[in-house]
Amino acid sequence: MTVMQAPAYRRAEYHGFAAGGSDFVYLVSAGAIFEIDAQVQAVLDRLDGQELGHAALVRELAGEGGDLAEAEALVRELRAVQLIHLGAAPLSVPEAPPADFPLQALVLNVTNQCNLACTYCYEFGADKIATPAGKPKYMTLETARASVDLLIAEAALRPSVHITFFGGETLMNFKLLRDVVDYANGATAAAGKGITYSLTTNATLLTPEIVTFLSDNRVGVTVSMDGPPELQDKHRVYKNGKGSYAVIEPRLRTLIAHHRTRAVTARVTLTEGVTDVVRIYRHLKEDLGFHEIGFAPVTTGETRAYSIDADGMDYVLAQFNLLAREWLEYALRGEMHGFTNVSETISELISGVNKSHPCGAGMGLMGVSPSGDLSPCHRFTDADTHVMGHVSSGIDRAKQGDFLSRGHVGAKYDCQSCWARPLCAGGCHHEAFVRYGDTGHANLHYCDWIRQWTDTCLHIYGELAVKNPGFLEHFAERKGLS
Amino acid sequence: MKHLRAINKKARRIDDAVPQMEAANEAAAASGATPSDMEEDVVALQQAPRPHVPMGCTLSFSPGWEVDAGGGTAGLCQPVERDIYDCYVTCFWPVQVPDHVNYSPDWASNCATATKDWRNLDLVFP
């Protein structure tokens, strides 16, 4: 006998959490966060593991002699926001951005050369995907100008664009950097657009003159470094094996003291044995004076000596949670804390992002190699497998389309049952390629970690929404400024 | 909204959209275009949980598709043979039942509209 299922209410996909004395739901289909009252919780509990038709649900909620109209209104409200739905869940795959999505930022690899030989480097290390042999080592001014022109043309109606200078070691081609800023200021002004700049460096080549230039031109600086001397010098070494801490320390102090126009941030790469997040944070924030510090585990194949194993990642999470607690304490007092892994997540939670792709790579952002080849981002620079056009001939739309359709969260089977997908969307394309050989593969090795971290940040968000909601507004526009 | 408080931008957008959606739904329901699915006025005899159906009832006039509340045909208030009309008139299956070519050419002559005149159909005893 064929049995047809009567339409009955089910809970939508959500992640519930309690913070600051209130209950909340993070609604996965939208990325929306609602504070809920006890009656909503009662509905969700009632539908836990069972389905109920409309009349039955309303009757149960109203109880003996209860108010049917009130119960009916409650059900209608939950239905309207799609926290419950009648029958099968509606499809909720975020739409892909239009094919001609305007470019917003270019990462110029002004050189693929580096004066350090960090053992874990994704550009030179064991898991590198770059194929730089026979290609230019330094970007020429002609290529850089063509990049700027492409950025302006492809930015369409955007009011402003962004250039990130990257390497190799970026400052090994500082002369070009200076010329590009000069050219791009003129070209964007002529096009009626604004422009902002940022730079990533290992800090070994910083001079007072360079710092003055960076400050004068409002170039945001990110320093790649790993912490106090014994941690920094573990992997961030010169080719002869000598550590770099002693060289960069005085330069960092000059940078932080004299760069007055933009936040100076540190980007820490966590590796086996370099997982003391709190200690690293204290050193960089309190001893050296960085404004903000962000952490990320190294990208590696599974078997490298410096990759962090599962226990190591548990430790990293515990350390992250300690700092996150401190971030919240600061925020409750209305003070900014420099741990950017929280700040970035909060800024995504406040807008309620529901990503079709994990990041803007290949969409609003592209990398440019010293030769002028375009790639999805700086991590794919000089990799023959991922060329996506050239600054002289433009974006290769077929390759871009292929990259973006692979990377769409809807194409990642494993993500479809995960509540954290609106923020994660499967994780880094480059990490996926190194680990699984496919940019469209979900970063399965981080799933539990990402869910736990997102949960931590949701708790912070919820507590602030109750106790200091105004503070959250500081993060509303954060992404647009970085 | 009374029970939910929007605490991020996306939630506020939903909050703003809800009154508009409800107004549109009410307008559609009032015009009869899309009856509300909250009223549960359409049920299937074989759905789960099973609706209350008096023994013997069927609302279907297509043979082979109607069953009684027990999933069989024995409890239908009319014998299934009554419904042979639909085989005779509309069925895609290439067989005549009853055999109006040889034995019962006038079997349906008193039944202009099955839903109204089905009582005029009689059993066939060849």
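Values for this structure:
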read-out: Members of the stretch A:294-308 that are assigned to a loop (DSSP other than H, G, I, E, B) and under 23 Å from the mean Cα position of the chain (by Cα); value: A:V298, A:T299, A:T300, A:G301, A:E302, A:Y306, A:S307, A:I308
read-out: Conditions (1) free of Cβ contacts under 8 Å to residues at least 60 places away in the same chain; (2) under 16 Å from A:D149 (Cα atoms); number of the one not met by A:S369; value: (1)
read-out: Leading residue by the ranking (surrounded by the fewest Cβ atoms within 10 Å (Cβ to Cβ)) among those in the stretch A:19-60 that are β-branched (V, I, T) and either at the interface with chain B (Cβ under 7 Å from one of its Cβ atoms) or not in a helix (DSSP H, G or I) (or both); value: A:V28
read-out: Any hit, the stretch A:338-345, residues being over 30 Å from A:T140 (Cβ atoms), in contact with a helix residue (DSSP H, G or I) (Cβ under 6 Å, 6 or more places away or on another chain) and within 14 Å of chain B (Cβ to nearest Cβ); value: yes
read-out: Given (1) polar (S, T, N, Q); (2) under 19 Å from A:P136 (Cβ atoms); (3) under 21 Å from the mean Cα position of the chain (by Cα), index of the condition A:Q416 fails; value: (2)
read-out: Residue match in the stretch A:262-275 (condition: closer than 30 Å to A:D149 by Cα and over 27 Å from the mean Cα position of the chain (by Cα)); value: no
read-out: Test result for A:H445, more than 16 Å from A:P358 (Cβ to Cβ) and either surrounded by fewer than 19 Cβ atoms within 10 Å (Cβ to Cβ) or in contact with a Leu (Cβ under 7 Å, 6 or more places away or on another chain) (or both); value: no
read-out: Count of residues meeting criterion [part of a strand (DSSP E or B) and over 30 Å from A:L157 (Cβ atoms)] in the stretch A:61-106; value: 3
read-out: Residue that is nearest to the chain's Cα centre (by Cα) [pool: residues in the stretch B:4-30 that are more than 7 Å from chain A (Cβ to nearest Cβ) and of a type in the set (K, R)]; value: B:R13
read-out: Selected residue [under 23 Å from A:I129 (Cα atoms) and part of a loop (DSSP other than H, G, I, E, B)] from A:A432, A:A442, A:A398; value: A:A442
read-out: Test: residue in the stretch A:92-109 that is more than 30 Å from A:R397 (Cβ to Cβ) and more than 14 Å from every other protein chain (Cβ to nearest Cβ); value: no
read-out: Filtered residue count, the stretch A:391-405, keeping only those that are exposed (fewer than 12 other Cβ atoms within 10 Å of the Cβ) and over 20 Å from A:F433 (Cβ atoms); value: 1
read-out: A:E335 in a loop (DSSP other than H, G, I, E, B), out of contact with any Phe, Trp or Tyr (no Cβ under 8 Å at 6 or more places or on another chain), among the acidic types (D, E) and free of Cβ contacts under 8 Å to residues at least 40 places away in the same chain; value: yes
read-out: Subset of the stretch A:61-88 [of a type outside the set (V, I, T) and more than 10 Å from every other protein chain (Cβ to nearest Cβ)]; value: A:L61, A:A62, A:G63, A:E64, A:G65, A:G66, A:D67, A:L68, A:A69, A:A71, A:H85, A:A88
read-out: The stretch A:360-388 - residue that is in a strand (DSSP E or B) and in contact with a strand residue (DSSP E or B) (Cβ under 6 Å, 6 or more places away or on another chain) and, of those, nearest to A:N173 (Cα to Cα); value: A:V368
read-out: Selection within the stretch A:450-479 - modelled with pLDDT under 95 and either in a loop (DSSP other than H, G, I, E, B) or in contact with a strand residue (DSSP E or B) (Cβ under 9 Å, 6 or more places away or on another chain) (or both); value: A:A476, A:E477
read-out: Extreme residue, farthest from A:T299 (Cα to Cα), among residues of the stretch A:129-154 that are among the acidic types (D, E) and touching a residue at least 12 places away in the same chain (Cβ under 8 Å); value: A:D149
read-out: Residues satisfying the stated conditions in the stretch A:418-429, i.e. out of contact with any helix residue (DSSP H, G or I) (no Cβ under 6 Å at 6 or more places or on another chain) and either in a helix (DSSP H, G or I) or surrounded by fewer than 16 Cβ atoms within 10 Å (Cβ to Cβ) (or both); value: A:P422
read-out: Among (1) part of a helix (DSSP H, G or I); (2) in the same structural domain as A:H162 (by TED's automatic domain parsing), the one test that A:R406 misses; value: (2)
read-out: Some residue of the stretch A:350-359 being in a helix (DSSP H, G or I) and within 14 Å of chain B (Cβ to nearest Cβ); value: yes
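The values are calculated or read from the model by the stated rules, or taken from the named source; none is laboratory data. Note that the structure is predicted; figures quoted are calculated from it, not measured. Because the Cβ atoms are built from the backbone with ideal geometry, glycine has one as well, and the counts that use them run over all protein chains shown.
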